[in-house]
1. Given the conditions (1) surrounded by 20 or more Cβ atoms within 10 Å (Cβ to Cβ); (2) not in a loop (DSSP other than H, G, I, E, B), report the number of the one that Gly156 does not fulfil.
2. Quick check on Ala290: is it modelled with pLDDT of 90 or more, among the small types (Gly, Ala, Ser) and surrounded by fewer than 21 Cβ atoms within 10 Å (Cβ to Cβ)?
3. For the structure I just gave you, tell me whether Gly64 is within 21 Å of Ser103 (Cβ to Cβ), in contact with a Leu (Cβ under 8 Å, 6 or more places away or on another chain) and at pLDDT 85 or above.
4. In segment 133-153, how many are surrounded by fewer than 24 Cβ atoms within 10 Å (Cβ to Cβ), in a helix (DSSP H, G or I) and of a type outside the set (Lys, Arg)?
5. Restricting to segment 196-216, name every residue that is touching a helix residue (DSSP H, G or I) at 6+ places or on another chain (Cβ under 8 Å), in a helix (DSSP H, G or I) and under 22 Å from Arg288 (Cα atoms).
6. Restricting attention to segment 117-131, does a residue exist that is among the charged types (D, E, K, R) and without any contact (Cβ under 8 Å) to a residue 60 or more places away in the chain?
7. Inspect all residues belonging to segment 91-110 and state whether any of them is acidic (Asp, Glu) and either assigned to a helix (DSSP H, G or I) or under 11 Å from Ala14 (Cα atoms) (or both).
8. Name the residue that is surrounded by the most Cβ atoms within 10 Å (Cβ to Cβ), counting only residues in segment 17-36 that are under 17 Å from Gly116 (Cβ atoms) and out of contact with any strand residue (DSSP E or B) (no Cβ under 9 Å at 6 or more places or on another chain).
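The values are calculated or read from the model by the stated rules, or taken from the named source; none is laboratory data. Here the structure is a predicted model, which means the values were calculated and not measured. Neighbour counts are summed over all protein chains in view; Cβ atoms, including those assigned to glycine, are modelled from backbone coordinates with ideal geometry.
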Amino acid sequence: MPASDAIVAVAGSASVDMTLRAPPPGWIGATARDCYTPETVQRLDAPLETHLGGNGGAAAYTIGRLGTRVLLAAPIGIDPLGRLVRGWLEDAGVEIIGPPGASTNVGMNAVDGDGGRVGTLQHPGPRVPWALPASDTRAGWLLVALFANVPRDDAGAVLDGMRQFRQDGRLTAFDPGIAWMSSMEPAEMHSIWREVDLLVATQDELGHWTGLDDPDAIIDRVRDIGPGRVVVKLGAAGASFTDDDGRVRHEPAVALPRSGLSIGAGDAFNGALLAGLASGKRMAEAVRSAHEVAARVVASGRGVLGVDDANEMD
C-alpha cells in the first residue's frame, strides 16, 4: 500500500500520568517503617488525577480524536496500567503497532495548588521501537517524540528510524523534549536534525541545542542545520514558526480566563499540528488549530483526555 500523507505514524512512549495536587510538604519520611503511624499517614485534600500521558501516546490520542488516522509505535505493557492506556488509545481510534511491553511507562507528577510542577518520578518502561514505523509503508508522516528518560544509546535507533522513513519521500517531525540535554553534545543532536523535515520544541529546549535565546535566531540556526520547517513553542506567549513560504511568523496562544494544569498541552499541540498538516492545512492554520487544542487541554484539567472529538471541534 502506498504511503498516505493523511496517515500519521507516531513513535514515543505511552503512559499513565498521575498528578498529586498540593501534597503536604515533607510527606515522605526519612525512616522506613513496616506499619502506619499518625506521622506517616497524611491527608491529601485533592483526589489523585489520572490521565493518559507519554509524549507519543498523548500526541497519538490527540491525532485520533481529531479524526486523522494514526499508528502508534509504543511498548504498552500487559500490566493493569497498560490495559488502561490501551483502552484510552483504542477509544480514540489509535492503531497500536508492535509487540506489547512487560511494563508500562508511568509518570507521577507533584504540583502545587496553582498547578506548578514541583517534582516528577518516571518509570520509563521498555524501550520504544523507534525504527518500527519505517517498516510500515502506510503513513506519510512520522512524529518522533522523545521522553525525558530515553536511554542515551537509543540515539542511533532514533536517527536510523527517521532516515529510513524518509527514503521513500515521506516526511518526519521531531520533538526532542528534554531528553539527552545532560548527556549529548549539540553536534550529535544536530546530526539527528538533518533527518527531520519539521522540528518542534520549546524555546528552552532549542535554546539549549543552539546556544541562542531569540526565537527568530533559533529558527534561522535550525534551518541552517537541516529542518526546513520549525516551530518554537513559547508557552503562554504562543509560538514562532516558519510558514509555507519560508517566512518566520508568530502566532499568539489562546488566552484562558485562568491558568490550569499544563501537563499534556505540549503533546496535544504536537498531535494537533500533525493532524492539521496531514489533512492539508497550511502551516499557519495548523499552528493556530494546535494552539486551540492545547488551550482546551489546559482548560479541561484532564490532560489530553480533555481533547474534543472532530465533530465537537467544528
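1. Going through (1) surrounded by 20 or more Cβ atoms within 10 Å (Cβ to Cβ); (2) not in a loop (DSSP other than H, G, I, E, B) one by one, Gly156 breaks only (1).
2. Details: modelled with pLDDT of 90 or more: yes; among the small types (Gly, Ala, Ser): yes; surrounded by fewer than 21 Cβ atoms within 10 Å (Cβ to Cβ): no.
Here the answer is no, as Ala290 does not meet what is asked.
3. Against the criterion (within 21 Å of Ser103 (Cβ to Cβ), in contact with a Leu (Cβ under 8 Å, 6 or more places away or on another chain) and at pLDDT 85 or above), Gly64 does not qualify.
4. Residues that pass the stated criteria total 3.
5. Selection gives Gln203, Leu206, Pro215.
6. Within segment 117-131, the first condition is being among the charged types (D, E, K, R), and the residues that meet it are 117, 127.
Filter once more, so that each one left must be without any contact (Cβ under 8 Å) to a residue 60 or more places away in the chain: 127.
Taking every residue of segment 117-131 in turn, at least one turns out to be among the charged types (D, E, K, R) and without any contact (Cβ under 8 Å) to a residue 60 or more places away in the chain.
7. Kept after step one, since they are acidic (Asp, Glu), are these residues of segment 91-110: 91, 95.
After this cut, where a residue has to be either assigned to a helix (DSSP H, G or I) or under 11 Å from Ala14 (Cα atoms) (or both) as well, the list is 91.
Yes, there is a match, as at least one residue in segment 91-110 is acidic (Asp, Glu) and either assigned to a helix (DSSP H, G or I) or under 11 Å from Ala14 (Cα atoms) (or both).
8. Pro24
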